[in-house]
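Heads up: the structure comes next, in structure tokens.
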Amino acid sequence: MLEMIEIYVDGSAINNENPNKPTLGGVGVVIVDDGEVEGIKVEISNHTILEDYPLDLKQTTNNTTELAAIYVALKLARDLEMNKWVKSVVIYGDSQYAGNLVFGNWKPKENKELVATVKQLANLVPNVTWEYVKAHADNQYNNYADYLARSGAYKTPQTEVLSFNDWLLTA
């Protein structure tokens, strides 16, 4: 059994501010486990994640995609803990908004249903903590999560998404 894993998350909403263009949404999740790095790209279509982590965001914005990223990480953490593969999980993200709504004491003024769904899942996952990391800074795992989130938003075919080591060569 592993003592701890780290999960880095990011959400992406492209054209979020332009009412004349549809918003493209994606989520990036990076699992760091004893030096091994696995990246997961999740696409959001029509404000919904279908794939392995079904979730209705109601709208695709920077804030809702960040909440969705935490949701995907919590689903992964719950699976790992239920299978006794890990004792604790630290989720790192660059959205103080999402982190404080889910793990802190902030109260939502909007996205209330989505926040309630993510918080409910967080309450089911023991031994998980949240840490804020600065966006677009020197954290390679957070920057890779950003790359994966944008890849999800642009619906980049999985065969074209770079592995962490290949991405490092381009960063």
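The values are calculated or read from the model by the stated rules, or taken from the named source; none is laboratory data. A quick note: this is a predicted structure, and the numbers were derived from the prediction, not measured. Here the Cβ is made from the backbone with ideal geometry for all residues, glycine too, and neighbour counts use every protein chain on show. Please note that ligands, DNA and RNA were not included when accessible areas were found on the heavy atoms of the full protein model with its side chains. Shrake-Rupley method; radii C 1.70, N 1.55, O 1.52, S 1.80 Å.
Points worth noting:
- Of the GluC sites (Glu not before Pro) found in the range 105-136, those that fall in a DSSP loop while having at most 12 other beta-carbon atoms within 10 Å are GLU110.
- Under the span-like rule (Cα at least 15 Å along the axis, Kyte-Doolittle mean at least -0.5), DSSP H helices of the chain: 62-82, 112-124
- Student exercise, the range 28-171 dipole from Lys, Arg, Asp, Glu Cβ charges, in Debye to nearest 20: 600 debye
- Using a Förster distance of 41 Å, the FRET efficiency for GLU51-ASP138 (Cβ separation, nearest 0.05): 0.85
- Area accessible to solvent at HIS47, 1.4 Å probe radius, in Å²: 70 Å²
- Taking amide H atoms as placed 1.01 Å from N in the peptide plane, the amide H of TRP130 lies under 5 Å from those of ILE91, each 5 or more residues away in sequence or on another chain.
- Rolling a 1.4 Å probe over the heavy atoms of the protein chains gives the chain an accessible area of 53 Å² per residue.
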